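The structure appears below as structure tokens.
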Amino acid sequence: MNTPATPSPAPRTRQRKPWYLLPIPILLIAGGLWLHFHRLHQADASPPPQATPWAVQTGTVQRGAVSPTLQSVATVEAPTTITLVPQIQGTVTAIGPRAGVAVKRGELLVRIDARAVSSNIAALEQQRAAARANADYAAKQQARMDAVLAEGGVSQAQADQARTAADAARASVQALSDQIAALQVQLGYAEIRAPQDAVVAQRMVEVGDTAAPGKPVYQLTAGQGAVVRVSLPAEQLAQVKPGDLLRLSQGGQTIELPISRIAPAVNAAGLGTVEADAASSPFGLPSGSSVAATIVLQSQAAPGLTVPVAAVVGSGHQAHVLAWTPGAKPGEPGRLRMVPVKVLQEGANTAAISGALQPGEQVVVGQTAVLAQMRDGDAAITTVPAGAQP
């Protein structure tokens, strides 16, 4: 059986895109590149945005001198220190006030248990009473013997023996009296009183403690004024001269005293001492107190231009300040000028410098990290001048 043949599909004809569509992608790319470069050109031709002026505080350049300083801690001491030491041993039964309290002459500070001494005195007084009775009898016997000897009734040896017995009896009474007197002195040592008007610097015992000879129980301070002492290493001590200033600070208050004495001999720790006299205790501090101290070496003051320490960036020869020149018109920002300077001396708040500055010019003050970001020619406006009241 013959199967009819299936006719083959006709071949597809390939369609071609119109030639005029080919330049479109090229034109789009070219247009995008032109727009990009055109905008870049516009950005280059536009004026740069104005920088925001710095808001600064300023200090004034002045002519003066700056003294270097040494930081330390001072000790306030009374001109006279009295240490009270017991003369007998015993238990403390009563004590006086604590440190910082004023006491009057004769005021009781320490009482020591002296009952044993009192018992010894009572026993010796009984013995002395018996010895006195014996001495009276011996004296009468001696007088009787002397009378009988005059009549020849006794021998000289018997009279001498009676006299010796009478002398021994009187000596016994005297010995007991001396012992009682010594114990009464010790009994007086049982109470320790203030020898003069003073202030308690230290109380070293409490009730129930054992007091003993050589062991201090109280320390008092007396006298007008105070002595302020500062200990310094030998290399710093060599810089200090009499007349330099000792500045004491506490609680926002400051007291300045001239240094009057320097003890160059160093102790085992290698420290020497400078001293200053005060008419009264600084800040009302008790003797032995410590207070923050600054020694101003006025003998080493460096004259020249001075600026606030907070205006100096760098140190030594590698330092600069930023001078501020106000704007030409009201409300117009001023300009900063970087001025290289040499730091001659640096004090607590000011520094002596040399450089192209004039007294009266304004310099920017602030934190070093912020000042280091400012550049020559930067615009700046002032807020509140350093040290001025807003």
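The values are calculated or read from the model by the stated rules, or taken from the named source; none is laboratory data. Since we're looking at a predicted model, the values are computed, not measured. Here Cβ is always computed from backbone atoms with ideal geometry, including for glycine, and neighbour counts include all displayed protein chains. With ligands, DNA and RNA removed, areas are computed over all heavy atoms of the protein, side chains included. Shrake-Rupley method; radii C 1.70, N 1.55, O 1.52, S 1.80 Å.
On a C-alpha basis, how far is the centre of the stretch 60-112 from the centre of the stretch 270-349 in Å? Whole number, if you could?
So the two Cα centres are separated by 34 Å.
Round to the nearest 10 and report in Å² the accessible area of ARG128, as given by a 1.4 Å probe over the protein chains' heavy atoms.
50 Å²
Given Cα pairs under 8 Å that are at least 6 residues apart, what percent is the relative contact order of the chain?
Rounded, it is 26 percent for the chain.
What number, rounded to the nearest 500 deg cm²/dmol, is the helix-based mean residue ellipticity at 222 nm of the chain, given -39500 (n - 2.57) per DSSP H run of at least four residues and division by all its residues?
Working: 5 runs with 101 residues, N = 390.
Rounded to the nearest 500, it is -9000 deg cm²/dmol.
Could you give the distance between the Cα centres of the stretch 131-153 and the stretch 193-264, to the whole Å?
If we compute the Cα centre of each part, the gap is 69 Å.
How large is the accessible surface of LEU33 in square angstrom, using a 1.4 angstrom probe and rounding to the nearest 10?
Rounded to the nearest 10, the figure is 100 Å².
Return the tail of the calculated pair distribution for the chain, meaning the percent of Cα-Cα pairs more than 34 Å apart. Walk me through the numbers on the way to the answer.
Numbers: 51265 of 75855 pairs.
That fraction is 68 percent.
Over the chain, what percent of the accessible surface lies on carbon and sulfur atoms, probe 1.4 Å?
Here carbon and sulfur together make up 55 percent of the probe-accessible area.
Using a 1.4 angstrom probe on the protein heavy atoms only, could you order TRP324, TRP34 from most to least accessible area? The partial results should precede the final answer.
Numbers: TRP324 45, TRP34 160 Å².
Solvent-accessible surface, decreasing: TRP34, TRP324.
What does the charge count around LEU357 come to, taking other residues whose C-beta lies under 12 Å from its C-beta (Lys +1, Arg +1, Asp -1, Glu -1)?
Neighbourhood net charge equals +2.
First select every other residue whose beta carbon is under 12 angstrom from the beta carbon of SER299; then total the charges, Lys and Arg +1, Asp and Glu -1.
On the way: positive: LYS241; negative: ASP244.
Around SER299, the surrounding residues sum to 0.
Counting Lys and Arg as +1 and Asp and Glu as -1, what is the net charge of the other residues whose Cβ lies under 11 Å from the Cβ of THR75?
-1
Calculate the FRET efficiency for THR83 and SER119 from the Cβ-Cβ distance with a Förster distance of 35 Å, rounded to the nearest 0.05.
FRET efficiency, THR83 to SER119: 0.70.
Taking 0.36 nm per residue of separation and subtracting the Cα-Cα distance, what length does fully extending ALA94 through ALA30 add?
Difference between extended and current length: 12.1 nm.
Quick one: accessible area per residue over the chain, 1.4 Å probe, rounded to a whole number of Å²?
On a per-residue basis, 62 Å².
Comparing GLU125, GLU151, GLU107, which has the greatest mean-square fluctuation in the GNM of the chain with Cα pairs linked when under 10 Å apart?
Result: GLU151 has the largest fluctuation of those listed.
Provide LEU84, LEU248, LEU108 ordered by accessible surface of protein heavy atoms (probe 1.4 Å), highest first.
Descending order: LEU108, LEU84, LEU248.
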